[in-house]
Amino acid sequence: MSAETPSSSVPLSSFTLGNGLQVVVIPDHRTPVVTQMIWYKVGSADETPGKSGLAHFLEHLMFKGTEKHPVGEFSKTVHRTGGNENASTSVDYTNYYQHVPREQLPTMMEFEADRMTGLVLKDENVLPERDVVLEERNMRVANSPAARLSEQIQRALYLNHPYGRPIVGWWQEIEKLDREDALAFYRRFYAPNNAILVIAGDVELADVRPLVERNFGPIPAQPAIPAQRIRPQEPEPAAPRTVTLSDPRVEQPTVRRYYLVPSATTAAAGESAALDVLARLMGSGNNSYLYRALVVDRSLAVSASASYSSTSLDPTQFTISAAPKSGVSFAEVEQVVDGVIADIVRNPIRAEDLERVKTQLIAEAIYAQDNQAELAHWYGDALTTGLSIEDIRSWPDRIRAVTAEQVRAAAQKWLEKKRSVTGYLIKDTAAAKREEKRS
């Protein structure tokens, strides 16, 4: 399911403060709770070269307290009310949210506005947090062969664009980050004119607007923030690339192929929706083309899937993944994958397949609106990657309008081998045997 999927039936209001803060209010009165999410339009792709992981490091440090609210007070207040909170960093944004009873919104907003400018950092809490981030990299990447493969494929796919840097950062650069790096990044990017505040839940615009104006209105804009985020762009791909990662811990070999494709923000009219439909046709569920060809009909793989990451400020990825059965070579699997793509390019998509997939995509979008936090996430994710509210609300209409010819054209244009990196994850049997002997 695409990230920009709420339908036009969702009630919504939006306004912008004089200091540039964009605010989106999504009333949902079914339960007396509210979700507050603030999105900063800065992610790992906006870091200075040589300081990878800085956006994510600052995300951790934003919980270290301010002059008004010492470390731990914000989180304790959230949990005392029975609420929950979290934060995340992507290539394009950093966000923070609280999900609390509706009467707690004024308190949450005061806390969030305070830490937009009032963060206090000291070496005694910055340096231990850096160790926490290094350990997170160990757990999530170094100790996960699949994550290491994804990191290597991403690095090979983006020759010039900073999307090739891992969000968590490279180890040797993380360990050099310090208090001054974090504060400089904070002062440069954390400002109302670089943020979007999304409030979803048991609220109305008339109640929310005065709260926002009182808490965020006095914060000055950061004049150094440019109107557009400009990054180095990718050259036109010239050749397919391959990456092989061997690890003694691998129990199930896998093959993944990433194609460089346009995002919803960079695509021509109709292209992103066609890629959404193409990904669903090829690799979502037991009726998808890849699953039927690899798992059901030829019994070559234990799994097969495809996905398209539509919400991205710059060009993104279309991903195919398969896990071969024991004794089946990667070449056999890839031959079938290439055959499925070629068949889509040569032959019209069956009308019943097209309608089934479009209906599934739209239905999932409708059902997912039952989750107010997910609704807030959709809007923040899309707005921070260059889409408009109208783009978000009209997504189901764009899916309905996708034709079989558009799907075929998308496959022909974007699923070209030269636009791809193929990664192989294999077991390092020699290293595994050495480990067995030592144990």
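The values are calculated or read from the model by the stated rules, or taken from the named source; none is laboratory data. Please read these numbers as outputs of a predicted model, since none were measured by experiment. Ideal geometry is used to build each Cβ from the backbone, glycine not excepted, and the neighbour counts take in all protein chains shown. Just so you know, the surface numbers come from the protein's heavy atoms only, side chains and all, with ligands and any DNA or RNA stripped out. Shrake-Rupley method; radii C 1.70, N 1.55, O 1.52, S 1.80 Å.
Placing +1 on the Cβ of every Lys and Arg and -1 on the Cβ of every Asp and Glu, with no other charges, gives the chain a dipole of roughly 1120 debye about its Cα centre.
By a 1.4 Å probe calculation restricted to protein chains, residue 88 has an accessible surface near 40 Å², given to the nearest 10.
With all protein chains kept in place, the per residue accessible area of the range 51-161 amounts to 42 square angstrom at a probe of 1.4 angstrom.
The alpha carbon gyration tensor of the range 246-354 gives principal lengths a ≥ b ≥ c with a/c of 1.5 or higher and a/b no greater than b/c, which makes the shape oblate. Against the longest principal axis of the chain, how steep is helix 271-283, in degrees 0 to 90 to the nearest 10, with axes from Cα atoms? Helix 271-283 sits at roughly 60 degrees to that axis. With every protein chain in place and a 1.4 angstrom probe, the accessible-area ranking of 299, 150, largest first, reads 299, 150. Shown for the chain: the carbon plus sulfur share of the solvent-accessible area, taken with all protein chains present and a 1.4 angstrom probe, equals 51%.
Based on DSSP H segments of at least four residues, each scored -39500 (n - 2.57), the chain has a per-residue ellipticity at 222 nm of -12000 deg cm²/dmol.
Over all Cα atoms in the range 180-224, the spread is summed up by Rg and Dmax: 13.5, 41 Å. Pairs spanning more than 31 Å between alpha-carbon atoms, out of 41/176; 41/68; 176/437: 176/437.
Relative to the dominant Cα principal axis of the chain, helix 145-157 is inclined by about 90°. Against the longest alpha carbon principal axis of the chain, how many degrees, from 0 to 90 and to the nearest 10, is the axis of helix 179-189 turned? Helix 179-189 sits roughly 90 degrees off the main axis of the chain.
Globularity index of the range 59-143 is 1.19 (Cα radius of gyration / 2.2 N^0.38 Å, N = number of residues).
Electrostatic bookkeeping for residue 126 treats Lys and Arg as +1 and Asp and Glu as -1; over the other residues with beta carbon under 9 Å from its beta carbon, the sum is 0. Could you please state, rounded to a whole Å, how far the C-alpha centre of the range 326-403 is from the C-alpha centre of the range 290-314? Taking the Cα centre of the range 290-314 as reference, the centre of the range 326-403 is 12 Å away.
For the chain, the spread of Cα coordinates along the three principal axes comes to 63, 58, 41 Å, biggest extent given first. Computing FRET efficiency as 1/(1 + (r/R0)^6) for residue 329 and residue 178, where r is the C-beta to C-beta distance and R0 is 41 Å, gives about 0.25. Among beta bridges identified by DSSP and lying wholly in the chain, the antiparallel ones come to about 80 percent. Using C-alpha pairs below 8 Å separated by at least 6 residues, the relative contact order for the chain is 25 percent. Here the simple spin-label model places points 7 Å from the Cα toward Cβ, and for residue 426 and residue 287 these points are separated by 3.8 nm.
On a per residue basis, the range 304-439 carries 46 Å² of accessible surface, using protein heavy atoms and a 1.4 Å probe. Residues 358, 122, 418, 68, sorted by accessible area with the largest first, give 68, 122, 418, 358 [1.4 Å probe; ligands and nucleic acids excluded]. Note on surface exposure: 102, 80, 30 rank 80, 30, 102 by accessible area, highest first, 1.4 Å probe.
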